[in-house]
Amino acid sequence: MCIEFFICVFQRPFRTNGPFITEFKEKGIIMRFKGDIRDMGARLLGEIDSENENIINWKDWLQKYRFFPEYPDDPYAWITDVLALKSVNSGNYGVGSVMFGFGNEIVAVGHNLVFSPSFRSDLHSEMVAINYFEEENPQITNLKGYTFYTSLEPCPMCLIRLISSDINKIHYVASDPIGGMVNGMSFLPPLWKELSEPQLFKAAQCSIELSKAAIEIMLINAEELLEILRKRRCNA
Ligand SMILES: [Zn+2]
């Protein structure tokens, strides 16, 4: 079955080594399974069915990757890479995001949905995860202690959204020198700069291999999708 997008909520606190129950909502289908973040990633990778050699190779690489204890963010960076690959496999930009709550439980997961199932210019990975969280949790107004991981440095649109959301800490797995905005935060308008002050925007403490993977996975179809965007501009 080809699943083009998904969101999920973990019902119990996330532990890297302990079992928990989660519910996936995939196009209205709810499935349950037990496992940790590794199991979740393995399951997502298992759903990737492709003849694209790049996708197959990255799937294999991610399945074999072992977390380095000296890099505390390795499991979180890894799952964003897994989500990014799933995004590419669904015909979207290879970017994945995951959001953790106050108790370190996963509260939202997302990947890019700009091109498939239908064109939505706003549905970058970060937007998908935050949309889901806010729609599901209108009663939560304080995100102190919440952490967000995304495979690629957020673009200007997503940076403003992340500031508006007031998520406490935001970590990105790879820098994006041509599209990212975190490293250009000093250029934000004064109001947004002021609002962002209590938040932490920082590179994830993960292995260089996971950072490189985030870039390489994004590049699998980036040029092809960029061409679609360019054509839309020409037709305007
Ligand atoms: Zn974005």
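The values are calculated or read from the model by the stated rules, or taken from the named source; none is laboratory data. What you see is a predicted model, and the numbers here were worked out from it, not measured in a lab. Positions of Cβ are generated from backbone atoms using ideal geometry, with glycine treated the same way; all protein chains shown enter the neighbour counts.
So is Ser211 within 25 Å of Phe67 (Cα to Cα) and not in a helix (DSSP H, G or I) or not? Steps first, answer last, please.
Values: within 25 Å of Phe67 (Cα to Cα): yes; not in a helix (DSSP H, G or I): no.
For Ser211, the condition - within 25 Å of Phe67 (Cα to Cα) and not in a helix (DSSP H, G or I) - is not met.
Could you run through the stretch 180-226 and say how many residues are of a type in the set (D, E, K, R) and surrounded by 11 or more Cβ atoms within 10 Å (Cβ to Cβ)? Before you say what the answer is, go through the steps one by one.
Going through the stretch 180-226, the residues of a type in the set (D, E, K, R) turn out to be 193-194, 197, 202, 209, 212, 216, 223-224.
Within this subset, residues satisfying the condition of being surrounded by 11 or more Cβ atoms within 10 Å (Cβ to Cβ) are 193-194, 202, 209, 212, 216.
Of the residues in the stretch 180-226, 6 are of a type in the set (D, E, K, R) and surrounded by 11 or more Cβ atoms within 10 Å (Cβ to Cβ).
Pairs, please: C-beta under 8 Å, at least 6 apart or cross-chain, first residue farther than 11 Å from Tyr172 by Cβ and in the stretch 204-215, second of a type in the set (Asp, Glu) and part of a loop (DSSP other than H, G, I, E, B)?
So the pair list comes out as Gln205/Asp73.
Give just the number: which of (1) under 27 Å from Asp74 (Cβ atoms); (2) in a helix (DSSP H, G or I) does Leu225 not satisfy?
Condition not satisfied by Leu225: (1).
With the requirement that a residue be polar (S, T, N, Q) and either out of contact with any Asp or Glu (no Cβ under 9 Å at 6 or more places or on another chain) or within 16 Å of the ligand (Cβ to nearest atom) (or both), what does the stretch 142-153 give you? Step through it out loud before you land on a result.
Start the filter on the stretch 142-153 by keeping residues that are polar (S, T, N, Q), which leaves 142, 147, 150-151.
Of everything in the stretch 142-153, those that are polar (S, T, N, Q) and either out of contact with any Asp or Glu (no Cβ under 9 Å at 6 or more places or on another chain) or within 16 Å of the ligand (Cβ to nearest atom) (or both) turn out to be Thr147, Thr150, Ser151.
Could you check Arg120 against (1) surrounded by 14 or more Cβ atoms within 10 Å (Cβ to Cβ); (2) more than 10 Å from the ligand (Cβ to nearest atom); (3) part of a helix (DSSP H, G or I) and say which number it fails?
(3)
Residues of the stretch 178-213 being under 15 Å from Leu162 (Cβ atoms) and β-branched (Val, Ile, Thr), which ones?
Val182
Could you list, in sequence order, the residues of the stretch 140-189 that are over 27 Å from Leu219 (Cβ atoms), touching a residue at least 12 places away in the same chain (Cβ under 8 Å) and in a helix (DSSP H, G or I)?
Those that are over 27 Å from Leu219 (Cβ atoms), touching a residue at least 12 places away in the same chain (Cβ under 8 Å) and in a helix (DSSP H, G or I): Ile163, Ser164, Ser165.
Suppose we keep only residues that are within 15 Å of Met127 (Cβ to Cβ) and in contact with a strand residue (DSSP E or B) (Cβ under 7 Å, 6 or more places away or on another chain) within the stretch 154-171. Which one would you say is farthest from the ligand (Cβ to nearest atom)? Before the answer, list the steps.
Quick first cut of the stretch 154-171, residues within 15 Å of Met127 (Cβ to Cβ) only: 154-165, 167, 170.
With in contact with a strand residue (DSSP E or B) (Cβ under 7 Å, 6 or more places away or on another chain) added as a condition, the list becomes 154, 162, 167, 170.
Numbers: Pro154: 6, Leu162: 9, Ile167: 14, Ile170: 12 Å.
Going through the qualifying residues, I end up with Ile167.
Per-residue answers, yes or no, for (1) under 16 Å from the mean Cα position of the chain (by Cα); (2) modelled with pLDDT of 95 or more; (3) not in a loop (DSSP other than H, G, I, E, B):
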position: Gly41; (1), (2), (3): yes, no, yes
position: Asp49; (1), (2), (3): no, no, no
position: Asn57; (1), (2), (3): no, yes, yes
position: Leu62; (1), (2), (3): yes, yes, yes
position: Pro69; (1), (2), (3): no, no, no
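Anything in the stretch 102-114 that is more than 14 Å from the ligand (Cβ to nearest atom), closer than 26 Å to Ala213 by Cβ and outside any strand (DSSP E or B)? List them, or say none. Walk me through it before giving the result.
Within the stretch 102-114, the first condition is being more than 14 Å from the ligand (Cβ to nearest atom), and the residues that meet it are 102-109.
This time we only want the ones that are closer than 26 Å to Ala213 by Cβ, so: 104-109.
Correct list: Asn104, Glu105.
Would you mind telling me which numbered condition in (1) touching a helix residue (DSSP H, G or I) at 6+ places or on another chain (Cβ under 9 Å); (2) more than 16 Å from the ligand (Cβ to nearest atom) Met127 fails?
If we test Met127 against (1) touching a helix residue (DSSP H, G or I) at 6+ places or on another chain (Cβ under 9 Å); (2) more than 16 Å from the ligand (Cβ to nearest atom), just (2) comes out false.
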